[in-house]
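Report on the following structure.
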Amino acid sequence: MTVLDEAPGEPTDARGRVAELHEIRARALAGPSEKATRAQHAKGKLTARERIELLLDPGSFREVEQLRRHRATGFGLEEKKPYTDGVITGWGMVEGRTVFVYAHDFRIFGGALGEAHATKIHKIMDMAIAAGAPLVSLNDGAGARIQEGVSALAGYGGIFQRNTRASGVIPQISVMLGPCAGGAAYSPALTDFVFMVRDTSQMFITGPDVVKAVTGEEITQNGLGGADVHAETSGVCHFAYDDEETCIAEVRYLLSLLPQNNRENPPRVDSQDAADRRSDVLLDLVPADGNRPYDMAKVIEEIVDDGEYLEVHERWARNIICALARMDGQVVGIVANQPQALAGVLDIEASEKAARFVQMCDAFNIPIVTFLDVPGFLPGVDQEHGGIIRHGAKLLYAYCNATVPRISLILRKAYGGAYIVMDSQSIGADLTYAWPTNEIAVMGAEGAANVIFRRQIAEAEDPEAMRKRMVKEYKSELMHPYYAAERGLVDDVIDPAETREVLIRSLAMLQTKHADLPSRKHGNPPQ
């Protein structure tokens, strides 16, 4: 018999029933026990409700199915039927805009997913898709509830199917605040962004014990699937932070840069940073010598509003930067080569990182600005055998398929296929600008001269002097700063100090851009 069953002595009038309701809700809000709460805090982790309070605007959370309990029997489950069944679901506001959320409660069954637990998540996901609002999952669960068998596994299938249906329709953000093992790890991988907290969150398909049994390798949970591993090595994690409070605050910031759904534009804000602000410092930030490195992040800071931007995958594939920022209050996605890392070349990981970012921007109506300083694709047996052709094609496909406003700016080098792939005019960039320091060519002058003038150099009395003369000739003929502009491949060569104003005016013009893709079920992008 439950507290909801009719029994002698139970309240029968409305006031009594309401009092009973408040008592039941108080128990659901309190959780299983104070001991379980202390154990959660002892691990340096917040409870599910504490996390929701940090994520949402104060007093805005409206819970759904708070009184839900499982119906499973066997293995002692019939004796333990806590309210919420280990997951809290509902909606609230983030800076006044609706956001749906579900949060695993590790204090109840270790946050493990059972049939009722899964059904609650399915429902809130369906509500988010129907309402056209972002979905944030606060993950802290031990995987499938073993006592419920295959019913629990089927629950994951329903989540994956909804993750896929919502992809590109509403923003989906996964916040990893505890363990996530086995098939459960695939849901975050299907979402747009993954946040992790160091030391307390881990993600892996097979845990350290299984790895040791199969391969003999010994490794810790954090060493196998911790935040730093996924932020730096695997690329599974987009953002990693030291504590939950900072992590959840950054989730709120990211949400402020995203639209509610794919039918809306990102929220625009009033900017106090003048649209026509000159940035003379840019003249000194970027050396004219193409062999000298510099920090592209400082270039971005000079151009965007108030020098603020949110870098995605900051610690993975550092030779390319992907960031969200504002220009004159409008959200833009920035893709930029980073000369400080691998000279800014494109490789397998950089191509994958940028391709996913371009797709995300295109899905959510975020204009894309691309800063080029790229010497080409990274040569090497490992890259070729690893499929650089296939992976590089992902970036090419993403740009070619994007219909949002696209502007590219060539700061310095733009060589070979990498120049084409990085949103050149020939693959559909709406506007292409260049600085007077640009060098657009099939390859560097030295390499080109060695190929074209091989015989003359070899037969010369002074081969080195002849090589230098041929390099200078090639540069003056085919690589001068106005060569591409003279042939219509660059719309204008601009003063670097005026870059911000030029980009903002161009984005304003492109705001009403409309482009249709051919009618099709979907494309077949390179994998």
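Inside region 489-513, residues that are touching a residue at least 60 places away in the same chain (Cβ under 8 Å) and closer than 19 Å to GLY428 by Cβ make up a count of 9.
Against the list (1) open to solvent by 50 Å² or more (accessible area, probe 1.4 Å); (2) among the hydroxyl-bearing types (Ser, Thr, Tyr); (3) touching a helix residue (DSSP H, G or I) at 6+ places or on another chain (Cβ under 8 Å); (4) within 29 Å of THR499 (Cα to Cα), the condition THR206 fails is (4). When the criteria are applied in full, PHE61 fails the requirement of being open to solvent by 10 Å² or more (accessible area, probe 1.4 Å), in contact with a Gly (Cβ under 7 Å, 6 or more places away or on another chain) and more than 30 Å from PHE364 (Cα to Cα). Taking (1) over 26 Å from LEU396 (Cβ atoms); (2) in contact with a Lys or Arg (Cβ under 8 Å, 6 or more places away or on another chain) in turn, GLN527 satisfies each apart from (1). Of all residues in region 266-286, those satisfying the criterion of being in contact (Cβ under 8 Å) with a residue 12 or more places away in the chain, open to solvent by less than 90 Å² (accessible area, probe 1.4 Å) and more than 26 Å from the chain's Cα centre (by Cα) are ASP273, ALA275, ARG277, SER279, ASP280, VAL281, LEU282, LEU285, VAL286.
Would you point out which residue out of GLY447, GLY523 is open to solvent by less than 40 Å² (accessible area, probe 1.4 Å) and in a loop (DSSP other than H, G, I, E, B)?
Working: GLY447 fails: in a loop (DSSP other than H, G, I, E, B).
After ruling out the rest, the residue left standing is GLY523.
Per-residue answers, yes or no, for (1) touching a strand residue (DSSP E or B) at 6+ places or on another chain (Cβ under 9 Å); (2) open to solvent by 40 Å² or more (accessible area, probe 1.4 Å):
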{"residue": "SER167", "(1), (2)": "no, yes"}
{"residue": "GLY178", "(1), (2)": "yes, no"}
{"residue": "SER187", "(1), (2)": "yes, no"}
{"residue": "LEU190", "(1), (2)": "yes, yes"}
{"residue": "PHE195", "(1), (2)": "yes, no"}
{"residue": "ARG198", "(1), (2)": "yes, yes"}
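Considering only residues that are of a type in the set (D, E, K, R) and open to solvent by 20 Å² or more (accessible area, probe 1.4 Å), look in region 374-412 and name the one that is farthest from VAL442 (Cα to Cα). It would help to see each step written out before you state the result.
Residues of region 374-412 that are of a type in the set (D, E, K, R), as a first pass: 382, 384, 390, 394, 406, 412.
With open to solvent by 20 Å² or more (accessible area, probe 1.4 Å) added as a condition, the list becomes 382, 384, 390, 394.
Working: ASP382: 23, GLU384: 20, ARG390: 21, LYS394: 21 Å.
This residue is ASP382.
Does THR220 satisfy being among the β-branched types (Val, Ile, Thr) and either at positive phi or in contact with a Phe, Trp or Tyr (Cβ under 9 Å, 6 or more places away or on another chain) (or both)? Answer is no for this residue. Would you say ASP492 is open to solvent by 50 Å² or more (accessible area, probe 1.4 Å), touching a strand residue (DSSP E or B) at 6+ places or on another chain (Cβ under 6 Å) and not polar (S, T, N, Q)? Yes, satisfied. Residues in region 43-57 include none that are open to solvent by 90 Å² or more (accessible area, probe 1.4 Å) and either part of a strand (DSSP E or B) or modelled with pLDDT under 90 (or both). Is it the case that some residue within region 465-484 is at pLDDT 80 or above and charged (D, E, K, R)? Taking every residue of region 465-484 in turn, none turns out to be at pLDDT 80 or above and charged (D, E, K, R).
Only one residue in ALA429, ALA414 is farther than 18 Å from ALA350 by Cβ and not in a helix (DSSP H, G or I), so which one is that?
Working: ALA414 fails: farther than 18 Å from ALA350 by Cβ.
Exactly one of ALA429, ALA414 is farther than 18 Å from ALA350 by Cβ and not in a helix (DSSP H, G or I), namely ALA429.
Can you pull out every residue in region 289-310 that is closer than 22 Å to GLU501 by Cα and either free of Cβ contacts under 8 Å to residues at least 40 places away in the same chain or in a loop (DSSP other than H, G, I, E, B) (or both)? Step through it out loud before you land on a result.
Applying the first criterion (closer than 22 Å to GLU501 by Cα) to region 289-310 yields 295-310.
Within region 289-310, ASP295, LYS298, GLU301, VAL304, ASP305, ASP306, GLY307, GLU308, TYR309 meet the criteria.
When each of ALA485, ALA465, ALA434, ALA441 is tested for being buried (at least 17 other Cβ atoms within 10 Å of the Cβ), over 34 Å from the mean Cα position of the chain (by Cα), of a type outside the set (D, E, K, R) and under 26 Å from ARG292 (Cα atoms), the lone residue that passes is ALA485.
Of the conditions (1) within 16 Å of VAL312 (Cα to Cα); (2) surrounded by 20 or more Cβ atoms within 10 Å (Cβ to Cβ), ARG356 clears all except one; give me its number. Against the list (1) within 16 Å of VAL312 (Cα to Cα); (2) surrounded by 20 or more Cβ atoms within 10 Å (Cβ to Cβ), ARG356 comes up short only on (2). For first residues located in region 19-39 and in contact (Cβ under 8 Å) with a residue 60 or more places away in the chain and open to solvent by less than 50 Å² (accessible area, probe 1.4 Å), partners that are assigned to a helix (DSSP H, G or I) and among the small types (Gly, Ala, Ser) and lie 6+ apart or on another chain with Cβ distances below 9 Å form the pairs GLY31/ALA48; THR37/ALA30.
Considering only region 90-107, how many residues are of a type in the set (D, E, K, R) and open to solvent by 40 Å² or more (accessible area, probe 1.4 Å)? I'd like the intermediate steps shown before the answer.
Just the residues of region 90-107 that are of a type in the set (D, E, K, R), to begin with: 95, 97, 105, 107.
Imposing the further condition that a residue be open to solvent by 40 Å² or more (accessible area, probe 1.4 Å) reduces the set to 95, 97.
Residues in region 90-107 being of a type in the set (D, E, K, R) and open to solvent by 40 Å² or more (accessible area, probe 1.4 Å): 2 in total.
Collect the residues in region 113-163 that are surrounded by fewer than 19 Cβ atoms within 10 Å (Cβ to Cβ), in contact (Cβ under 8 Å) with a residue 60 or more places away in the chain and part of a helix (DSSP H, G or I), keeping them in residue-number order. Passing the criteria: MET127, GLN147, SER151. Would you point out the residue of region 211-265, among those that are assigned to a loop (DSSP other than H, G, I, E, B) and more than 19 Å from GLN172 (Cα to Cα), that is most open to solvent (accessible area, probe 1.4 Å)? The selected residue is GLU218.
The values are calculated or read from the model by the stated rules, or taken from the named source; none is laboratory data. For clarity, every value in this text was computed on a predicted model and none was experimentally measured. Backbone-built Cβ (ideal geometry, glycine too); neighbour counts: all protein chains shown. Note: accessible area is taken over every heavy atom of the protein model, side chains too, but ligands, DNA and RNA are not part of it. Shrake-Rupley method; radii C 1.70, N 1.55, O 1.52, S 1.80 Å.
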